[in-house]
Amino acid sequence: MSIFRLFTGAFLVSLVLFVALVPYQLVRARPARNANAVSYLQRNQKGKRVYTNDDLPPSDSPPEPPAAGDDASEPIAGPSGERVAPFVTTPMEVVDKMLEVAGGTPKDVVYDLGSGDGRIVLRAAEKYGARAVGVELDHGLAVESAERAKELKLDKLVTIIEGDLFKTDLQPATVVTVYLLLQANDRLRPVLEKELRPGTRVVAHDIRIPGWETAREEAVTIGTGTHYVYLYEIPGAFRKPAPR
Ligand SMILES: C[S@@+](CC[C@H](N)C(=O)[O-])C[C@H]1O[C@@H](n2cnc3c(N)ncnc32)[C@H](O)[C@@H]1O
């Protein structure tokens with residue numbers, strides 16, 4: 001009888017924990033959907049000391065990004081890997097906002113990690129004259145975006161790597177864009193902290209980099225939906241400046 005009670009008690013405690021924790025995890029994983037919350041965050045950040053690129057020491061001369069091969073309509077082959085996000089496109093209004101908050105210039109080297117149909121890298125090259133590298137695991141999407149770069153005569157600026165974003169050399173990047181799941185951003189964070197050079201900007205669509213502090217947040221409303229753009233500066237996003 002007492003063993004039966006013990007089992008029943010343990011079962012009830014597990015059930016209560018499950019019911020309490022699952023909604024909490026779901027809420028935590030959801031991006032902020034409330035414009036008031038975003039403007040509150042922006043106001044709240046005004047008093048804080050955040051690194052700007054002016055504070056940063058000049059970087060060593062950056063390594064060159066990979067150049068497209070002879071046939072630029074073919075993606076460069078990279079290492080295979082695990083798919084960490086489904087293919088969902090960023091609306092072009094949001095792409096433009098992401099590149100605007102990154103402060104895109106022709107000197108930039110923009111990496112889109114999980115580049116889908118290539119829209120972010122193509123736009124960065126077309127609008128800002130930036131060199132841009134898309135990393136995409138899906139063969140069809142990688143081929144489609146490399147072909148599109150050639151069609152638009154942007155293949156001198158745009159390189160598509162068909163491979164795993166976690167195994168790609170990110171050293172040449174001055175801007176990194178991501179639209180991935182929260183778990184993928186979480187896994188990516190230590191890679192970005194290790195590989196990116198000071199002054200690099202990371203821009204995330206809708207899903208934050210957990211544990212990092214934003215330098216800027218923007219809401220983009222399209223119809224009835226609102227998208228969020230999060231700008232992070234390296235290394236200020238994760239390293240506090242030494243007291244002066
Ligand atoms: C949400 S979509 C974003 C597409 C594009 N960046 C955009 O914003 O429109 C995520 C993309 O990441 C790709 N992906 C998932 N796991 C990947 C991995 N390990 N390496 C490279 N790409 C990956 C998917 O195939 C998909 O195209």
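Computed quantities for the displayed model
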{"quantity": "Sorted by Cβ neighbour density within 10 Å, fewest at the top, the residues 80, 145, 115", "calculated": "80, 145, 115"}
{"quantity": "The stretch 89-223 shape via C-alpha gyration tensor axes, a/c threshold 1.5", "calculated": "rounded"}
{"quantity": "For the stretch 106-179: rounded, prolate or oblate by the Cα gyration tensor [a/c cutoff 1.5]", "calculated": "oblate"}
{"quantity": "Order of 89, 168 under a 10 Å beta carbon neighbour criterion, fewest first", "calculated": "89, 168"}
{"quantity": "Computed lengthening from residue 105 to residue 83, 0.36 nm per intervening residue step minus Cα-Cα distance", "calculated": "4.8 nm"}
{"quantity": "Distance in nm between pseudo-label sites at residue 151 and residue 222 (7 Å out along the Cβ direction from Cα)", "calculated": "1.9 nm"}
{"quantity": "Residues 87, 166 arranged by fewest to most Cβ contacts within 10 Å", "calculated": "87, 166"}
{"quantity": "The stretch 72-137: C-alpha gyration tensor shape, a/c 1.5 cut-off, then a/b vs b/c", "calculated": "oblate"}
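Readers should treat all values here as calculations from the given coordinates under stated rules, not as data from a laboratory. Here the structure is a predicted model, which means the values were calculated and not measured. Cβ coordinates were reconstructed from backbone atoms using ideal geometry, including for glycine residues, and neighbour counts include every protein chain displayed.
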